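Inspection log for the structure reproduced underneath, given as structure tokens.
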Amino acid sequence: MKHIRAASLLPLALLVGTSAFAASPTTPAPGPARIVGSSEAGCIAGAVRLPDNAPGMQTIRLKESTFWGHPDVIRHLLDLARTAKAASLPDLYMNDISLPRGGPLAGVHASHQRGVDADVWLDVIGPHPVIPASEREFEPQTLVRADGRGIIPERWHPEHVTLIKLAANLPGVDRLLVNPAIKKQLCEVVTGDRNWLHKVRPWYGHTAHMHLHFSCPAGQTECIDQPPAPAGIGCDASLDWWFAQLDSPKPPPPKTPPPPPKPVVLPPACRAIMAAP
Ligand SMILES: [Zn+2]
């Protein structure tokens, strides 16, 4: 990707739509780590990149993915990979984190803007020998039935519990998103300590990967945290709600096409971060 001169980025830096990926600088903004804004609109300076290979992990889908994060988040992800390896899991496949300076990420749901969100594939059956970078462009396999009502039993393994529990218990993880069918499976099979299920929240998609969302790291006064997740482990009526949606009739398609989604307006402080040399 060609580096675009910073000055030409200004209008896009504040008002970016689906072209954000193409318009964003390809290097992090210099200086100490600094996160500005919320999950819906934010950016980061001083981001560091997850290495493509480290003990217990490999980055995946390099062509369309981006791996920049707050240094604490990158450190926690490397720790997750090491502990997963120590638990005899195969290499983790690490996917999108954030762009070098954050901002909206095309094709990915609203977060991933500030280096505190990371996607990790739920692929726990090895071996996962080191793949050459050019051959990492494959898709993960869904764990969820086509009707969305449960997992595919032959694709579910105890190692999924091991991995999701390790991730939920990582320092700084605020919540972890998986498909409602995966959450339901965890509610059914996890015994003993179930407190960590509080962090595992049901969300659309996420049938083949989990999304780790970290809280604002210490000292990041311009970083806005999400409201806390509801109390409890969530193996209750709040989970049933997701499956009830599958029963409701689909609304008819609108007669006129819906308006395009509103572009994300980044906080003013992101202007300097996007424009820094
Ligand atoms: Zn994600």
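The values are calculated or read from the model by the stated rules, or taken from the named source; none is laboratory data. Quantities reported herein were computed from a predicted structural model and do not represent experimental measurements. With ideal geometry, Cβ positions are generated from the backbone for all residues, glycine too; neighbour counts draw on all protein chains shown.
Quick notes on this structure:
- Within segment 164-266, strands (runs of 3 or more DSSP E) holding 3 or more residues that are without any contact (Cβ under 8 Å) to a residue 60 or more places away in the chain: 173-178, 200-202
- Set A133, A118, A54, A84: member being of a type in the set (G, A, S), surrounded by 21 or more Cβ atoms within 10 Å (Cβ to Cβ) and over 30 Å from V265 (Cα atoms): A84
- When A84, A110 are checked against the criterion of being small (G, A, S), in contact (Cβ under 8 Å) with a residue 24 or more places away in the chain and touching a helix residue (DSSP H, G or I) at 6+ places or on another chain (Cβ under 8 Å), a single residue qualifies: A84.
- The lone exception for D147 - which of (1) in a loop (DSSP other than H, G, I, E, B); (2) buried (at least 16 other Cβ atoms within 10 Å of the Cβ); (3) more than 13 Å from the ligand (Cβ to nearest atom) it fails: (2)
- Total residues in segment 150-171, condition of a type outside the set (A, V, I, L, M, F, W, C) and within 16 Å of the ligand (Cβ to nearest atom): 0
- Segment 57-81, residues that are in contact (Cβ under 8 Å) with a residue 12 or more places away in the chain and either on the phi > 0 side of the Ramachandran plot or of a type in the set (D, E, K, R) (or both): R61, K63, E64, D72, D79
- Segment 56-113, subset farther than 24 Å from D225 by Cα, within 15 Å of the ligand (Cβ to nearest atom) and of a type in the set (D, E, K, R), residue modelled with the highest pLDDT: R61
- Filter pass, S248 being closer than 22 Å to E40 by Cβ and among the polar types (S, T, N, Q): no
- Total residues in segment 83-132 satisfying the condition of being among the hydroxyl-bearing types (S, T, Y), in contact with a Ser or Thr (Cβ under 7 Å, 6 or more places away or on another chain) and in a loop (DSSP other than H, G, I, E, B): the figure is 1.
- Within segment 175-202, tally of residues that are surrounded by fewer than 17 Cβ atoms within 10 Å (Cβ to Cβ) and either at positive phi or within 16 Å of the ligand (Cβ to nearest atom) (or both): 1
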